Amino acid sequence: MVQNEQELMALLYQRWLVLRKPLGMPQDTETDRYEEQSVHLIAVIPEGVKSSPAQGVEKIIGSARLRELSPGIGGISYIAVLPEFQNQGVGSALIQSLIALAKKQQFHQLKLRSRLSAAGFYEHFGFISQGAPIDYLGIPHILMSLTHQLQGYQCVTASPNTPYEIIMNFRNRYEQTLPGY
């Protein structure tokens, strides 16, 4: 669902750098069997800064994924922002974009598994913790969901001073892959 193989490779590398490398995990542990069934959003630096190892693509500084878990229910996963760009609105823009896309796809519920330390971030967008914390990859996580807030959700755009471009041009990019968009 990314534009090309180079972009997918750059996204997966960025995801690994943020989510798996700090845990000492090897590359290829950042993917799962749902990659092709998912919509991937990326935040890039548009000035032509390249992202290793995939040359020829803009530097991906943030990424996130949305997929259908079951009819009407979407799953958000792999939200990853490079450390030097965290706390600057990149993750918020990605989450807001995923929520807006979920509404377009007529999902009535969104689910995610958050690191316990990041639960407050998702609560800011209306997600509610479900159950007790669980261990995932040796890190405490909590299951979270967003339901009634999804109805009538208004996407708040990033500040015009944010020096990042969020790739959200779904009409051009995902027109063939998103039913009813």
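The values are calculated or read from the model by the stated rules, or taken from the named source; none is laboratory data. Values in this document were obtained by computation on a predicted structure and should not be read as measured data. We place every Cβ from the backbone using ideal geometry, glycine too, and count neighbours over all the protein chains shown.
Here is how the numbers come out for the structure above:
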item: Total residues in region 27-50, condition exposed (fewer than 11 other Cβ atoms within 10 Å of the Cβ), modelled with pLDDT of 90 or more and within 25 Å of SER92 (Cβ to Cβ); result: 0
item: Boolean, GLY126 is under 14 Å from LEU143 (Cα atoms) and modelled with pLDDT of 95 or more; result: no
item: Subset of region 68-107 (residues that are over 17 Å from SER145 (Cβ atoms) and either without any contact (Cβ under 8 Å) to a residue 24 or more places away in the chain or in a loop (DSSP other than H, G, I, E, B) (or both)); result: LEU82, GLU84, GLN86, ASN87, GLN88, GLY89
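Let's see how each residue does on (1) at pLDDT 90 or above; (2) closer than 22 Å to LEU11 by Cα:
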site: SER63; (1), (2): yes, yes
site: LEU66; (1), (2): yes, yes
site: GLY75; (1), (2): yes, yes
site: ILE79; (1), (2): yes, yes
site: LEU101; (1), (2): yes, yes
site: GLN109; (1), (2): yes, no
site: ALA119; (1), (2): yes, no
site: ALA132; (1), (2): yes, no
site: TYR153; (1), (2): no, no
